Structure formats: C-alpha cells, structure tokens
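Working notes for the structure below.
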Amino acid sequence: MSKIAIIGCTKKKRDSACCAKDLYSASNLFRKEYEYAVRIIGADEIYILSAKHHLISADTVIEPYDVTLLTMRKAERKEWSRISIEQIKEKTNS
C-alpha cells in the first residue's frame, strides 16, 4: 500500500508558474512540511491542499495566486471543503 501525505499550502509563494512544491517552497514552513512528508513519513505521493485549486499533486504546475480560506464566505468554505473531501476520497479510495 502506498503512503500518501497531504500538506497545506502557504500564503508565501514564488513569483512565477512552477510545480506546486516549488511555488510554495518560498515558505520555510512549507519546506519543512514537505521534507517531513518525504523523509519521515516516506510518502510515495504528496498532495497539497490549496485554497484556490483544492487538492493538487506536488508536481502540478500552477501560477501564483492570492486566495485564502480566511477571506471566503462561509458558503464558499463549505463548498471548498466538500470538493476537497471528495478529491481526498478519490485519491485514498475511501
């Protein structure tokens, strides 16, 4: 059975489009979370929960953005949660 790690996105991002793992690596916290997923957990797959893109693969190329759950209305957060949970279920076959 493969190990899957899910880590959160960060506000701090690089300035141009790149793989999600690189876009968020502008943040020290994200770099530490990613390293933990690789070295300690030994994750075979790493996904990132993004306020804009929901659940994305660490290798997905995305543009920088400025979206946060903190500024979303309650209904938007509920819809974000619903979509994200469905994506997690698909990835984990739950």
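The values are calculated or read from the model by the stated rules, or taken from the named source; none is laboratory data. The structure displayed is predicted, hence computed values, not measured ones. Reconstructed Cβ throughout: ideal geometry from the backbone, glycine too, with neighbour counts over all protein chains shown. The area values use the complete protein model at the heavy-atom level, side chains included, leaving out ligands, DNA and RNA. Shrake-Rupley method; radii C 1.70, N 1.55, O 1.52, S 1.80 Å.
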Being acidic (Asp, Glu) and not in a helix (DSSP H, G or I) is the filter here; which residues of segment 66-94 pass it?
Asp66
Do any residues in segment 66-94 that are under 28 Å from Met1 (Cβ atoms) have Cβ atoms under 9 Å from those of residues that are assigned to a loop (DSSP other than H, G, I, E, B) and at pLDDT below 95, where the two are at least six apart or on different chains, and which pairs are they?
Ile88/Ser94
Would a scan of segment 33-47 turn up a residue that is within 11 Å of the chain's Cα centre (by Cα) and of a type in the set (A, V, I, L, M, F, W, C)?
yes
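Collect the residues in segment 65-94 that are open to solvent by 100 Å² or more (accessible area, probe 1.4 Å) and not polar (S, T, N, Q), keeping them in residue-number order. So that I can check it myself, show each step before the final result.
Going residue by residue through segment 65-94, those that are open to solvent by 100 Å² or more (accessible area, probe 1.4 Å) are 66, 70-71, 73-74, 78, 82, 90, 93-94.
Answer for segment 65-94, where residues must be open to solvent by 100 Å² or more (accessible area, probe 1.4 Å) and not polar (S, T, N, Q): Asp66, Leu70, Arg73, Lys74, Lys78, Arg82, Glu90.
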Among the residues of segment 55-88, how many are within 16 Å of Thr10 (Cα to Cα) and of a type in the set (S, T, N, Q)?
4
